[in-house]
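In what follows, a structure is listed as structure tokens, so that the remarks can point back to it.
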Amino acid sequence: MEAARLTTSEALRPRRRLPIRFSHSDPDTVWGDVLGLRPLGGRFRAMRRIVSIILWTLIAIPIQAFLMVMPGRLNVGFGKAYHRGIAWLLGVRIQVIGAAVRSPATLYVSNHSSWLDVVVLGATLEAPFVAKREVGEWPLIRIVARLGRTVFVTRTRTGTKGEAGLIREHLSAGESLILFPEGTTSDGGRVLPFRSAFLSVADTARTVQPVSVVFDRLGGLPACRRDRPLFAWYGDTDIATHVWRLARRPGARATIVLHAPLDPATYPDRKALTAACAEVIAESCATMRQNRPAEPLRAR
């Protein structure tokens, strides 16, 4: 057959290509991720981890409920062990740099990018969290949060001022608390501005300790900018999707840096104290995101 002859203009004309069509069997949802065209290893790992976490939680709930009515601080120690178990089942290794202040009425101030922060901080510090009120409405999680003595607030400027008395009661009783003054979760690539209204209760605390949390390893390798959204839970991402995607991946590492404690009485007002905490935490987080060695910092 004689080959078709093309003119110069026809030969130089770009060929028309059909657009790439992706399979509709793999939508960007949990259900599509289960049934979609994905490697099986990650799915089996995720299902094993999620089932193990649910079973561990169902076992831990009655134990913690019993310890809550018993005298002493056994419930505090078991709560810490529970979070360590969750981290281990998820394949998250925790590296702690620095030492936590053990004195009563300590206010731990930390950055916040994910629900994972609660797991790793709960496995490291012996203190309940200050959380948004919506957490107290989530199925199963609300039971765990209440058994962990979580203090619920609305996390709005006016609401926080109105509920400051509740937080002060806990601090006045000698109980330490973990606070996220950003007021919401970030994308993991930066630390959002701290709201000074959340630190209006610092005058009741004996000590304020800044804490930096960064997830800096994934599969044994340094985490890069591309990996941050895997750990961060923000925007309109539902928690089921985020848990599934994270559980599918190989082991990770969280690094927690416990900085030098601050005396609230040495600062003229809450805004100065907020700025000091934010500066130390943001600087340390930036160092870890660059995969450089971190160490506890002292506020200037």
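The ranking of Lys80, Lys271 from fewest to most other beta carbons within 10 Å of each one's beta carbon is Lys271, Lys80. Would you mind classifying the stretch 39-289 by shape? Square roots of the alpha carbon gyration tensor eigenvalues, ordered a ≥ b ≥ c; an a/c under 1.5 is rounded, otherwise it is prolate if a/b is larger than b/c and oblate if not. Because a/c hits 1.5 or more and a/b fails to exceed b/c, the stretch 39-289 counts as oblate.
Beta-bridge orientation, the stretch 39-289: approximately 35 percent antiparallel, per DSSP, counting only bridges with both partners inside. The length gained on full extension between Ile54 and Glu126, counted as 0.36 nm times the residue separation minus their Cα-Cα distance, comes to 23.7 nm. In plain terms, the residue of Tyr108, Tyr267 with the fewest other Cβ atoms within 10 Å comes first and the most crowded comes last, giving Tyr267, Tyr108. The length gained by stretching the chain between Thr266 and Arg133 to full extension, at 0.36 nm per residue less their Cα-Cα distance, is 44.7 nm.
Within the stretch 110-133, what residues put their amide N at less than 17 Å from the label point 7 Å along the Cα-to-Cβ vector of Arg102? Within reach of a label on Arg102, which here means backbone N under 17 Å from a point 7 Å along Cα→Cβ, the stretch 110-133 contributes 124-127.
Using r as the Cβ-Cβ distance of Ala286 and Trp115, and R0 as 22 Å, what FRET efficiency do you calculate, to the nearest 0.05? With R0 = 22 Å, the Cβ-Cβ based efficiency is 0.45. With a Förster radius of 41 Å applied to the beta-carbon distance between Arg73 and Arg300, the computed FRET efficiency rounds to 0.70. When both the stretch 174-231 and the stretch 69-111 are represented by their alpha-carbon centers, they are found 15 Å apart. Amide hydrogen proximity for Ile256: with H placed 1.01 Å from N in the peptide plane, the residues at 5 or more positions away or on another chain lying under 5 Å are Gln95, Val96, Ile97. Once a ≥ b ≥ c are taken as the square roots of the eigenvalues of the Cα gyration tensor of the stretch 128-250, is the result rounded (a/c under 1.5), prolate (a/b larger than b/c) or oblate (a/b not larger than b/c)? Because a/c hits 1.5 or more and a/b exceeds b/c, the stretch 128-250 counts as prolate.
Each reported figure results from applying straightforward, stated rules to the coordinates on display, with no laboratory input. For clarity, every value in this text was computed on a predicted model and none was experimentally measured. Ideal geometry is used to build each Cβ from the backbone, glycine not excepted, and the neighbour counts take in all protein chains shown.
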